[in-house]
Every structure is written in structure tokens, then in C-alpha cells.
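Report on the structure given below.
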Amino acid sequence: MSVAVGRTSPRAQLGTQAPRIILGILGLVVVVWLAIKASQGGTTFIQVTLNGITTAALYFVVAAGFTLIFGLMRVVNMAHGSLYLFGGYVAYIAQTHWFGGGGSQFSLGGASTTSIAGFFVPLAFATLVIGLVGLGIQQLLLRWNQGQDLRQALITIAVSVIFADQMVAHYGGIVQSIQQPTSWPNSITIGALRYGFFRITVVLGSAIVIGVLLYLLFKHTRFGMTIRAGVDDRAMLSALGVNVQLVFAGAFFLGAMLAGFGGVLGGTMISVGPGLDTQFLLDALIVVIIGGMGSLVGAAIGALLLGLVQSYSAIYLHFGSLDLSNYGVMTSFILVIAVLAVRPLGLFGRAA
Amino acid sequence: MSTVANTPTRSWPPRGAALLGWAVLAAVGVVLLLAPLIFDLFWLSQILTQALWLGIAAVSLTFLYRYGGMTSLAQVAIYGIAGFAMGNVVHTINSEGGLNLGWTPWLGVVFGIVVAVLLGLLFGAIASRSYGIYFLMITLALSLFVFYFFGQVTQLSGFGGIRSVSRPGYLGDPITHPSPLYYTCLGCSVAVYLLLRYMVRTPFGIALQGIRDDPGRMSSLGYHVALHRALAFALGAFVASIAGVLSVWFNTQISPGSINIQQTIAVLIIAVIGGLSRLEGAWIGALAYALIDYYARQHTPTLGLWLNPGRFATIIGVVFLLIVLLSPDGLIGIGTRVWALVTRRGREAEPGTAAAAPTAEATLEKAGTMATGGPPSSGRQEA
């Protein structure tokens, strides 16, 4: 594969212009369409855009872990969605058992109150647990298959199958949600706009903090330097006396922790239930396919594109009396095709 | 589906290992032909017929992997497209879901296959410039797109699926007379197997294998790499669409749930359990899958919530994990090793074959056909 990825076919060089022109026109149409919609209802437009951005923030947290693991180890962690969902469940269980909070999505909180610690302790606990679970998967199953990327992908697929079934067995099919602290407001008001407090502060805030921290970690710490060196030349790094296995373990632990952290955020912002593992695996896949595997900036841009496209197409796919909003999934599909047509390795992807 | 057609001795009459091989092949053939007389209705339908159409779905993946180096997870999506396209245009008896255009079943078959192959060509064109693990991810994303599409667009998928899809008259009642469908699946399996065996020997198939081994070199030689890969993907889509038609006839319905990620992974599991190194592995894997399915639901001991008869997915996941960890070449690989032990004396013409057993590709290479060995990323260290 290492030979194959970098090359492009003769046709790709010859025919790059046609897709670019088509995409340019398509992008222009979308922008004009959104501008018309924005002029018709400014508040709604801002709300929809904020929905897109906060969803993108969650996607970024999940996809950053995915792309981190891939970037260093060439492991496509197909169990990433399972780790995400398991993180949500661990936090939910911890919250219900230790703090008596939690509850069905449809019971409006009622008698139970959630303290600040009642949210953050389960969050930290679940993040740590998922990090350790990921580390276990890496040490027990993946470590001795290093370099066989397809086999590792199959192993993680097997793990995700087992996880999905066991989570249904233990936690059932009912959709739950993790409670945010009761003392926090449900929404905040900015001018004429009311928006969900948790989404815009906690989710968006932690995505930005995580993004910045990961950037600093990569660019300005020894660990980050080692990771980047490992991406470029693993054998050389090892020859220089760095314990590559330790770096791998650390990166996998970190990547899994991000999945678990995202699971708790998602479990609070949306819900925890069967099928979300697949949903978020797909989202993480799309984000990194668009953004380019292994690129942190790519993950951010990809998450933003996907979040916005999903959010706009959920609301704005009405053309007069024609309601196409249940074709919303097609827009993400078109987004992926559009990016791959121009850049087969994603926007910020580079050859292995 | 014995695997002995390629034993080194080509002389006739066959002797030694070759004779044993032909005998096994003949026995399997007789059993398959006389299956309706040997097995009861349940076995014929739920085990054998199901294994045959699942095998066709899986062999499309095995073919793409083995000869094109493409691990496609979109095969279930494509058979779903064929099934849904057919289900929408043919008459559905209680008009439950779908467009119900009232076409004849055979016209529906043609339509379903054509739609699936065209979309397969599109998918192939999208994915054909990606390799290895990227290809796997992109096809998985495509597969999930198709699943969510049919889940959301209820005009095309009905609410909870298209039920009572009408079938050609000769198939009769699926419960009391499963043998017409069984023979249809058997015939399709043999035809698909022969078609794929033929295709890999054509100039197209040889070029495809060259591309699998070294796309850069093939491109320098003037081959259109992306086109070859896209066309191979379309051929895989054709095979998968046959499985889609048969699955709808088998289940008499299709719903978004029949093409979800569990089914996508099931077909992958079947192909891997059977062994990706030979086309026959697909059917062997499908038979194993159907048997595990049947026995797991009956005889699984109960260990609290962790393990009980409802935990089929856990069991198949563990089997899959063990196969991937211990025998990446699947049951075929295990069989090959046993075969090498049994017929060691008869295979002296090929020194070192038995010793090289851990890497199945090496064992299974037909001398002279391919110089550089198996698909790009299985069981081999890569830099």
C-alpha cells in the first residue's frame, strides 16, 4: 500500500479540471441558496449554523482520537464508535449509581438533582476507563500484529461486534441520557437568540480546548515530536533509541480517551443508546475521509463541513412544496464524493 | 465446493492425492445435487439455501480482495440496492411499502441487477483511486450511506421494509417447497464461481492482478489502473446483486435492517472465516456461519447477561476474532494445512509447500500464474 497510495492515475492528472469546475458551481449554488435562506430568517439561520458548529465540535472530539491513532500507528480503529458509546454508558452508570442522577430521556429530571461533581466525576471516570479499555485492546490484540493494517482493522471490527452485542445485553435497548448539573441553565440568550447552554459552552468549549491542547502537544512537546517522527519513519525513530511501543501505547490511550470523552459529551447533549456506535463510527470515518487521515487540522475542517452540511440539510432541503429533508443523508454522501473526486486522500491527507 | 481442481498433477487418470481430491469433489457434488432428498426442509432452507446465497454475497468480496486487492465493505449495500430496486418495481402482494409498480418478477430481477451494477460502477469510480485501508473505510462509509438512505427514505423502503415481494411462479411456496429456490441458489453459485474463475484468466483478470500487486508499474505499462479497479468493482457488484435478488426471494421481503452494519460485517466475517485466499472459501464460510447461527441459538449455555442463546453476535464476533488472530487464511487455510499433512507424499513435486503453511498465500499460489504472491495487505509485513 505504501507504494500505491501516493500515485495518481494519468486520467486523474488529465481530468482534474472537470470535477473542480463542477464542484465550484455546486459550491456556489449552495452558498447562494444559504444566503437566500439566511436573508429570509436570520435567527433561524444562526440557530441552524450553531447546531452545525456544536455538532461539528462533538465530531471533532471523536474524530481527533480516530485520526490520532491512525496517524501514528496506521490502525483504523473500527471499534472507535464502540468506545464512544461505551464511554457514554460508563458515565451514565456511574452517574446513576454514585449520584442517583440520570434517567430516561423523557422523564424531565423530576426529583433527582445533579451536582457539579455528579457530572464531572462520571465524565472523568468514563474518560479514564475508555482510555484503559483502548489500551487493553491495543496491548492484547493489536500490538503483535503491527504493520498488518487490514488485519488490525478486522480485529477492531470483531471487537466492535462483540462490544455492540454486549452493550445491548447489559444496558438494553432504551435510550438514556446523562444529566448535566442541575445548577446550569438549560439555555442562554444572546440578543434575540436562545441557545442550548451545554452545547455552546461545554461541547464547543471542550472541542476548542482539546484542539488547541492537541496542537500544542504535537508541535511543542517532546511526546508530540516523537509522535510526528513516528508517523514519518517508525523504524528510524526506534533506531534512535525511542521506545516506540511506549509512544504507541500512549497515543492509543489518548485516542481512546477522546472517544470516551466524546461519548459522555454526546450522551449529555444527545443521548446514549444502541446504534449510536455505528452512527459515530460513520461520522468519524466521514470526517477523516474528508479531512485526510492522520491530520488534526483536517479533522477540524472535516468535522465543521460535515456538521454544517448535516445541519443545513436537515432544515433547508425544502424546495417550495417539495420536501426532501429525509434525503438529508445524500448531502453527506455528495460531500464525500465531492472531496474524493478532487483529493482522493482527503483535504489534508498526504501519502503514507 | 471442493478446492482440488488445481492440484499439481494434471495427468489423467488422476492418481494419489489428485484422485482423492476428485473423489471429494464428486462426493460434495452428489450431496449438493441430492440435498433435497438427504436433508429435511429446515436444513435445506435455513442452512443450505441460506449458505448458498450468503456465499454468493461473500464471494464478491473474496474476488475483489483476492484478485483486486480491494477489501470492499460495500457488497451488502449493493445487494441491498438490487433487492430494494427489485422490490420496488415488482408487484408486492399486500402492497405493503415500496412503489409497487407491478412489474413481472423477471423484469424486476433485470432492473434490480442493472441498477445495482450501475451504482456499483459509481461506487467503484469513487473508491478506485484509494487503496488498502482507505478503500475499506470509503466502502464502509458508502455502505452505511446506503443503509441510512433506505432507513430515511420510506417512500422507497416502506415503513419497516417491503414485504411479500412476489417471486417467479416456479419457486412455489417457500415453506413447503424450498427445493426450487435451493436449486436456483445452487445453480447461481456454480455459475458465479465459474464466471469468476473465467474472468481472472482473461486479459482483464490478469491485468487486475497486476494492478493488485503493483499499481504504479501497471500504470507505467499503460494500463488504466482506476478504470480496471472500477470495472472489477462493477463485476463484484453484479455478483453481489445476484445475492441480493436471491436474498429477497429467500426472505420474501427486504428492509433497511437486512442491510445494516451487522449484515455488512456478517458478509465480511463469512468471507474471512471461509478464507480470503480462494473463491471457494466464501461458501465454506457461509456454511460455517449458518451452522454457528443455528447451533448458537439452540445450545449456547447461559452465563448471566454475558452469554446466552440470544448472544449470537457475541459468539460470531469471538469466532471471527479467533480466526483473524490465529488463522488469517480462515477455514480454507486450516483445510489446506490438513490436506498438506494427509497428502504429503503425493505433493513431493512441490517441495516446501507444507512447511510454508503459516502464510496461506504462499501455499496457495499456483506456480507460474502469479509471481509476487497474494493481496497486498494480508499476513505480510509492510514498511
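Counting the residues of segment B:114-134 that are buried (at least 24 other Cβ atoms within 10 Å of the Cβ), within 9 Å of chain A (Cβ to nearest Cβ) and not in a loop (DSSP other than H, G, I, E, B) gives 3.
Scanning segment A:124-157 for residues that are within 17 Å of A:PHE280 (Cα to Cα) and facing another protein chain (nearest Cβ under 9 Å) gives A:ALA153, A:ILE157. All conditions but one from (1) modelled with pLDDT under 90; (2) within 19 Å of A:VAL76 (Cα to Cα); (3) surrounded by fewer than 20 Cβ atoms within 10 Å (Cβ to Cβ) apply to A:GLY250; the one that does not is (1).
A quick yes/no check of all residues on (1) more than 14 Å from chain A (Cβ to nearest Cβ); (2) closer than 17 Å to B:LEU33 by Cβ; (3) assigned to a helix (DSSP H, G or I); (4) within 22 Å of the chain's Cα centre (by Cα):
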position: B:ILE175; (1), (2), (3), (4): yes, no, no, no
position: B:LEU181; (1), (2), (3), (4): yes, yes, yes, yes
position: B:CYS185; (1), (2), (3), (4): yes, yes, yes, yes
position: B:CYS188; (1), (2), (3), (4): yes, yes, yes, yes
position: B:ALA191; (1), (2), (3), (4): yes, yes, yes, yes
position: B:LEU195; (1), (2), (3), (4): yes, no, yes, yes
position: B:TYR198; (1), (2), (3), (4): yes, no, yes, yes
position: B:ARG201; (1), (2), (3), (4): yes, no, no, yes
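Within segment A:167-223, being touching a Gly at 6+ places or on another chain (Cβ under 6 Å) and more than 20 Å from A:VAL61 (Cβ to Cβ) holds for A:VAL175, A:SER187.
Scan segment A:182-198 and tell me whether some residue there is basic (Lys, Arg) and in a strand (DSSP E or B). Yes, segment A:182-198 contains a residue that is basic (Lys, Arg) and in a strand (DSSP E or B). The residues of segment B:274-307 that are within 11 Å of chain A (Cβ to nearest Cβ), surrounded by fewer than 22 Cβ atoms within 10 Å (Cβ to Cβ) and part of a loop (DSSP other than H, G, I, E, B), listed by number, are B:GLY304, B:LEU305, B:TRP306.
Residues that are more than 23 Å from B:GLN262 (Cβ to Cβ), in contact (Cβ under 8 Å) with a residue 24 or more places away in the chain, hydroxyl-bearing (Ser, Thr, Tyr) and open to solvent by less than 40 Å² (accessible area, probe 1.4 Å): does segment A:327-337 have at least one? Scanning segment A:327-337 turns up no residue that is more than 23 Å from B:GLN262 (Cβ to Cβ), in contact (Cβ under 8 Å) with a residue 24 or more places away in the chain, hydroxyl-bearing (Ser, Thr, Tyr) and open to solvent by less than 40 Å² (accessible area, probe 1.4 Å). When every residue of segment A:142-162 is checked against the conditions, at least one turns out to be of a type in the set (Ser, Thr, Tyr), closer than 28 Å to B:LEU303 by Cα and open to solvent by less than 20 Å² (accessible area, probe 1.4 Å).
Taking the listed residues A:ALA207, A:ALA229, A:ALA239, A:ALA235, the one that is among the aliphatic types (A, V, I, L, M) and open to solvent by less than 30 Å² (accessible area, probe 1.4 Å) is A:ALA207, with no other qualifying. Could you pull out the residue among B:ARG129, B:ARG163 that is more than 30 Å from B:GLN46 (Cβ to Cβ) and in contact (Cβ under 8 Å) with a residue 60 or more places away in the chain? Among B:ARG129, B:ARG163, only B:ARG129 is more than 30 Å from B:GLN46 (Cβ to Cβ) and in contact (Cβ under 8 Å) with a residue 60 or more places away in the chain. Total residues in segment B:278-307 satisfying the condition of being at pLDDT 90 or above and either hydroxyl-bearing (Ser, Thr, Tyr) or touching a strand residue (DSSP E or B) at 6+ places or on another chain (Cβ under 9 Å) (or both): the figure is 1. With the condition being within 14 Å of chain B (Cβ to nearest Cβ) and modelled with pLDDT of 85 or more, I'd like the helices (runs of 4 or more DSSP H) fully within segment A:1-82 carrying at least 3 qualifying residues. Of the helices (runs of 4 or more DSSP H) lying wholly inside segment A:1-82, those with at least 3 residues that are within 14 Å of chain B (Cβ to nearest Cβ) and modelled with pLDDT of 85 or more span A:42-73.
Each row is one residue, and each column tells you yes or no for (1) of a type in the set (Val, Ile, Thr); (2) more than 14 Å from every other protein chain (Cβ to nearest Cβ); (3) more than 24 Å from B:GLN152 (Cα to Cα); (4) open to solvent by less than 10 Å² (accessible area, probe 1.4 Å).
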position: A:LEU285; (1), (2), (3), (4): no, no, no, yes
position: A:GLY291; (1), (2), (3), (4): no, no, yes, yes
position: A:LEU317; (1), (2), (3), (4): no, no, no, no
position: A:GLY320; (1), (2), (3), (4): no, yes, no, no
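If the condition is being without any contact (Cβ under 8 Å) to a residue 40 or more places away in the chain and within 14 Å of chain B (Cβ to nearest Cβ), then segment A:242-281 contributes only A:GLY275. Across segment B:1-44, what is the total count of residues that are crowded, with 16+ Cβ neighbours inside 10 Å, small (Gly, Ala, Ser), at pLDDT 65 or above and closer than 27 Å to B:ALA290 by Cα? Here the count works out to 2. Of all the residues in segment A:339-352, those that are surrounded by 17 or more Cβ atoms within 10 Å (Cβ to Cβ) and more than 10 Å from every other protein chain (Cβ to nearest Cβ) number 3. Quick check on A:SER332: is it under 30 Å from A:MET167 (Cβ atoms), within 12 Å of chain B (Cβ to nearest Cβ) and small (Gly, Ala, Ser)? Judged against the criteria, A:SER332 is a match.
Condition check: more than 28 Å from A:LEU72 (Cα to Cα) and crowded, with 19+ Cβ neighbours inside 10 Å. Does A:ARG194 satisfy that? Taking the combined requirement at face value, the residue does not satisfy it.
Can you find even one residue in segment B:210-229 that is among the polar types (S, T, N, Q), out of contact with any Leu (no Cβ under 8 Å at 6 or more places or on another chain) and assigned to a helix (DSSP H, G or I)? Yes, segment B:210-229 contains a residue that is among the polar types (S, T, N, Q), out of contact with any Leu (no Cβ under 8 Å at 6 or more places or on another chain) and assigned to a helix (DSSP H, G or I). Does at least one position in segment B:290-306 carry a residue that is touching a residue at least 60 places away in the same chain (Cβ under 8 Å) and in contact with a Leu (Cβ under 6 Å, 6 or more places away or on another chain)? No - not one qualifying residue is present in segment B:290-306.
For every residue, the table says whether it meets (1) open to solvent by less than 60 Å² (accessible area, probe 1.4 Å); (2) touching a residue at least 60 places away in the same chain (Cβ under 8 Å); (3) of a type outside the set (Gly, Ala, Ser).
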residue	(1), (2), (3)
A:GLY27	yes, no, no
A:SER39	no, no, no
A:GLY42	yes, no, no
A:PHE45	yes, no, yes
A:THR49	yes, yes, yes
A:LEU58	yes, yes, yes
A:VAL61	yes, yes, yes
A:LEU68	yes, yes, yes
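If the condition is being open to solvent by 40 Å² or more (accessible area, probe 1.4 Å) and within 9 Å of chain A (Cβ to nearest Cβ), then segment B:223-235 contributes B:HIS224, B:LEU227.
Of the set (1) at pLDDT below 85; (2) part of a helix (DSSP H, G or I), all apply to B:GLY310 but (2).
Pairs linking a residue in segment B:106-124 that is within 12 Å of B:ALA240 (Cα to Cα) to a residue that is aromatic (Phe, Trp, Tyr) and surrounded by fewer than 23 Cβ atoms within 10 Å (Cβ to Cβ), with Cβ atoms under 7 Å and 6 or more positions apart or on different chains, are B:ILE113/B:PHE238; B:VAL117/B:PHE238. What tally of residues in segment A:163-180 results from selecting those that are away from every other protein chain (no Cβ under 14 Å), out of contact with any strand residue (DSSP E or B) (no Cβ under 6 Å at 6 or more places or on another chain) and crowded, with 17+ Cβ neighbours inside 10 Å? Summing the residues that are away from every other protein chain (no Cβ under 14 Å), out of contact with any strand residue (DSSP E or B) (no Cβ under 6 Å at 6 or more places or on another chain) and crowded, with 17+ Cβ neighbours inside 10 Å in segment A:163-180 gives 4. Could you check, for segment B:250-268, whether at least one of its residues is open to solvent by less than 50 Å² (accessible area, probe 1.4 Å) and more than 30 Å from A:PHE163 (Cβ to Cβ)? Scanning segment B:250-268, I find at least one residue that is open to solvent by less than 50 Å² (accessible area, probe 1.4 Å) and more than 30 Å from A:PHE163 (Cβ to Cβ), so the answer is yes. Among the residues of segment A:164-181, those identified as under 16 Å from A:GLY87 (Cβ atoms) and part of a helix (DSSP H, G or I) are A:ALA164, A:GLN166, A:MET167, A:HIS170, A:TYR171.
The values are calculated or read from the model by the stated rules, or taken from the named source; none is laboratory data. Keep in mind that what you see is a predicted model, and the values were worked out from it rather than measured. FYI the Cβ positions are ideal-geometry reconstructions off the backbone, even for glycines, and counts take in every protein chain you see. In case anyone asks, the SASA skips ligands and DNA or RNA and just uses the protein heavy atoms, side chains included. Shrake-Rupley method; radii C 1.70, N 1.55, O 1.52, S 1.80 Å.
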